[in-house]
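Asker: Pasting in a structure now, in structure tokens, and then I'll have a few things to ask.
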Amino acid sequence: MEKYMDADKRTTAAEAIGRFVNDGESFVFANCLYCMPLALTHELIRQGKRNLMAFQQGGIEEIDQLVLSKVIDRLVLAYNFRAGGPRIVSPLDRAIKEGQVAVEEMTNHTLLSMMKAGAMGYPFLPVLPGIKVTDVVKRNGFMGNQRFARLPDPFTGKDTLVVKGFNPDFALIHVQRADRAGNGQLWGAMINSKWAALAAKKVILSCEEIVDTEVIMSSPHLTIVPSHKVCAVVECPWGAHPSEVLGHYDYDFPFRVLFVGSAANPDAAKFWLDEWIHKVKDRDEYIEHYVKRFGRDTLEAFRARPFKSVPADYGSTFSRDWDDQGYSRSMGMTMQEFVAMLDAKGALIDGN
Amino acid sequence: MGTRFTIQELIVSRAAKELKDREFVVIGQGIAMAAGVLARRTHAPNAVILTEAGLLGIDPFKVPLHIADPTCTRGFTYSCDMIDIFTTVLNQGYVDVTFLGVGQIDRFGNMNSSYLGEPGNYTTRMTGAGGAPEFIGYAGRAILTMSGGTFVEKLDYFTSPGYLEGGDSRYAAGMPEGSGPSVLITTRGVFRFDEVTKEMYLAGLHPGVTVDEIRAEVPWNLKIADRLETTPAPTEEELAILRSFAPDITMGRKLQLEVVMKQVINLLSKGA
């Protein structure tokens, strides 16, 4: 695993995707349904990345956008939101039928367990074996036998189902806030975010807001991605639109329906992708375009109203060993008395 | 004169009655969420609702768009992740009930939510498994609802285990004793499963529906209970709760699409 130690990893989405993503790699969405890293996803499309393999717990619009843009050719998936039900032909349906994308079926529990095993550095993890009887286990897709195996429990001998640990080349994740080094803080529905991010060899992180490291240090329980996993940090307000970010904005349902409606028809879909991805150069321009098209008020109507968490108190009795009078709390003496004691005990060595 | 209600309201009201007080219930979107919340606001105030996204003890003020939709919860009492829900909550036996919506179902309550079409040449990918196979595998029991789905002799794809080949086969395969689908509520009636053979049978009819209408939808020779219940109409109280909490569910998918399209047209008309 690579270790990313720079103190300041701030960059743009274009730079992050350009520098850290290669054609043919595997990646995982470390958010699903909620807080989707759509600014980063759109950059994959804009840069014309090819032959990527995606892991996604629960797709919403991003899978169809990647499929329409021919960015991914392999997809490991547990769930994909279907607006309008099975009667409407989705881009994913068409892509499967035409052989443009190969799909490997998983369940929420087993797909995430692959990530958790990978994150922990384990070759495999046991999972709930009730699905042994289902086609999810019985029918192999493009991964062949590289998903499930059965082993006797070494303690009881009972038949156990295990999944293989997996470390995708990179993860995309969007969070509420992060510092410059990439300590990423997320709250709300945690879903797969932590394990998917920790499983990946590197994390490309976008956030609503960059904050000082002091903010992170006052609330470390909210950090789900540690900076050493993160290769790039992108400050990107509205970076998950039209999905929601708790404390920032609600989902934009009409806009989402606009995409879903367009996606049902290949020509309309192309028009949508041109307007909202190709003809804007980044998320700022996307938001500018949105405001120009639908009005500032339409966007602002989605802003969250505050509902503050009570802060946790990280205060301890002392913040240093030496008190205001210059006495050590552990030794009950001043610095001068301490050095004199070291001398008297013969603990000091003469230098040159 | 009795109450007037939509078919969705009837299904939600009937499904809510299946949930008992103080139960742990895992819920997805749509009808299931409406039923869980309705139960909590009527006869089951101490039921705990969780979603597989890691939200436990939620008290939604509107129907979530999806399992991770936190904007409708305004806080919850335990924040964990998806793997915690499947292991520390489900696998430790805390989940009493799971609600599931049905795509395809066979006579033993086995379900398909993954693919439509011939094996090897699937034409439609439905939502996929999500957490359904694990929840129905390990929850105390499952309450199934079906509004757009179908009864089939053989599933196109086997996603979630009901009673497998019937009898004891489910428990022989390792799933907990007593678990499995306990009821299926469709737009026409209520179905249950025989205690011994585990085959689905018709247990009740919605108002105005005949046995023949149901037989026409079921491709096997459906067994019928000796005494069929008639699904009770939702009460005025239930309707008031539902229409304020879940207008989207009340109106159903088709009408909802119409209303949503109006919103989209409104959005587009703002275009500069």
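Asker: Please identify, among A:235, A:288, A:337, the residue showing maximal mean-square fluctuation in a Gaussian network model of chain A using a 10 angstrom Cα cutoff.
Answerer: It is A:337.
Asker: Now for a different question. If I require 20 Å or longer along the helix axis, counting alpha carbons, and a Kyte-Doolittle average no lower than 0.0, what helices from chain B are left? Use full DSSP H segments.
Answerer: Numbers: long enough: B:247-269 (28 Å, 0.32).
Helices meeting the criterion: B:247-269.
Asker: Which net charge results when you count Lys and Arg as +1 and Asp and Glu as -1 among the other residues whose beta-carbon is under 13 Å from that of residue A:116? Numbers along the way, then the final one.
Answerer: Values: positive: A:164, A:194; negative: B:81, B:84.
Its environment carries a net charge of 0.
Asker: Angle, helix A:108-120 long axis vs. longest principal axis of chain A, Cα atoms, 0 to 90°, nearest 10?
Answerer: Tilt relative to chain A: about 40 degrees.
Asker: Sticking with this one: Taking a cut-off of 19 Å between Cα atoms, list the lysines near residue B:154, but don't count ones fewer than 8 places away on the same chain.
Answerer: A:132, A:138, B:198, B:223
Asker: Continuing with the same structure: Once both axes come from the Cα atoms, what is the angle between helix A:253-263 and the longest principal axis of chain A, in degrees from 0 to 90, rounded to 10?
Answerer: Value to nearest ten degrees: 50.
Asker: Return the distance in nm (one decimal) between the two label points of a simple spin-label model at residue A:268 and residue B:259, each offset 7 Å from Cα along Cα→Cβ.
Answerer: Placing both labels 7 Å along Cα→Cβ, they lie 2.1 nm apart.
Asker: Collect residues whose amide H, placed 1.01 Å from N in the peptide plane, falls under 5 Å from the amide H of residue A:104; neighbours closer than 5 in sequence don't count.
Answerer: Amide H neighbours of residue A:104, under 5 Å, 5+ apart: A:75, A:76, A:77.
Asker: May I pose another question? Would you mind telling me which residue in B:252, B:180, B:28 has the biggest mean-square fluctuation in a Gaussian network model of chain B, where springs connect alpha carbons within a distance under 10 angstrom?
Answerer: Of B:252, B:180, B:28, the Gaussian network model singles out B:252 as fluctuating most.
Asker: If you don't mind, there's one more thing I want to ask. Give the distance, in whole Å, between the Cα centre of segment A:183-209 and the Cα centre of segment B:1-36.
Answerer: Comparing the Cα centres of segment A:183-209 and segment B:1-36, I get a distance of 35 Å.
Asker: With contacts defined as alpha carbon pairs under 8 Å and 6 or more residues apart, what's the relative contact order of chain A in percent?
Answerer: Relative contact order for chain A comes out at 19 percent.
Asker: Let me ask something else. Rounded to the nearest Å, what's the spacing between the alpha carbon centres of segment A:66-100 and segment A:220-247? Just the number, please.
Answerer: The two parts, judged by their Cα centres, are 27 Å apart.
Asker: Now for a separate question. Kindly provide the helix-only [θ] at 222 nm of chain A, computed as the sum of -39,500 (n - 2.57) over DSSP H runs of four or more divided by all residues, to the nearest 500 deg cm²/dmol? Please list the in-between numbers first.
Answerer: Numbers: 13 runs with 106 residues, N = 352.
Computed ellipticity for chain A at 222 nm equals -8000 deg cm²/dmol.
Asker: What net charge is computed for the residues neighbouring residue B:69, neighbours being all others with C-beta under 15 Å from the C-beta of residue B:69, Lys and Arg scored +1, Asp and Glu -1?
Answerer: Details: positive: A:256, B:62, B:74; negative: A:61, A:244, A:250, A:252, B:52, B:59, B:248.
Result for the local shell: -4.
Asker: Residue B:270: which lysines have alpha carbons under 17 Å from its alpha carbon, excluding same-chain residues fewer than 8 sequence positions away?
Answerer: Cα-Cα hits under 17 Å: A:292, B:262.
Asker: Tell me the angle of helix A:283-294 to the major Cα principal axis of chain A, expressed in degrees between 0 and 90 and rounded to the nearest ten.
Answerer: The answer is roughly 50 degrees.
Asker: Who wins for biggest fluctuation among A:113, A:219, A:319 in a Gaussian network model of chain A, springs between alpha carbons below 10 Å?
Answerer: Residue with maximal mean-square fluctuation among A:113, A:219, A:319: A:319.
Asker: Only bridges whose two residues both fall in chain A count here: according to DSSP, what percent of them are antiparallel, nearest 5?
Answerer: On the way: 17 of 47 bridges.
Bridges in chain A that DSSP calls antiparallel: roughly 35 percent.
Asker: Any idea of the accessible area per residue across the protein assembly as shown, 1.4 Å probe, to the nearest Å²?
Answerer: Working: 27360 Å² over 624 residues.
For the protein assembly as shown, the solvent-accessible area averages 44 Å² per residue.
Asker: May I pose another question? If you take the accessible area of B alone, add that of A alone, and subtract the area of the pair, what total do you get in Å², probe 1.4 Å, to the nearest 100? Let's see the in-between values first.
Answerer: Details: alone 13880 and 18580 Å², together 27360 Å².
Roughly 5100 Å².
Asker: Per DSSP helix of 4 or more residues, -39500 (n - 2.57); summed, then divided by the residues of chain B. What does that give at 222 nm, rounded to the nearest 500?
Answerer: Working: 7 runs with 70 residues, N = 272.
After summing the helix terms and dividing by the residues of chain B, the value is -7500 deg cm²/dmol.
Asker: Taking the alpha-carbon distance from residue A:194 and a cut-off under 26 Å, which lysines remain once sequence neighbours fewer than 8 residues away in the same chain are dropped?
Answerer: By straight Cα distance, residue A:194 reaches A:3, A:9, A:49, A:116, A:164, A:202, A:229, A:308.
The values are calculated or read from the model by the stated rules, or taken from the named source; none is laboratory data. This one's a predicted model, so the numbers in the text were calculated from it and none came from an experiment. Neighbour counts are summed over all protein chains in view; Cβ atoms, including those assigned to glycine, are modelled from backbone coordinates with ideal geometry. We work out accessible area using only protein heavy atoms, side chains counted, and drop any ligands, DNA or RNA first. Shrake-Rupley method; radii C 1.70, N 1.55, O 1.52, S 1.80 Å.
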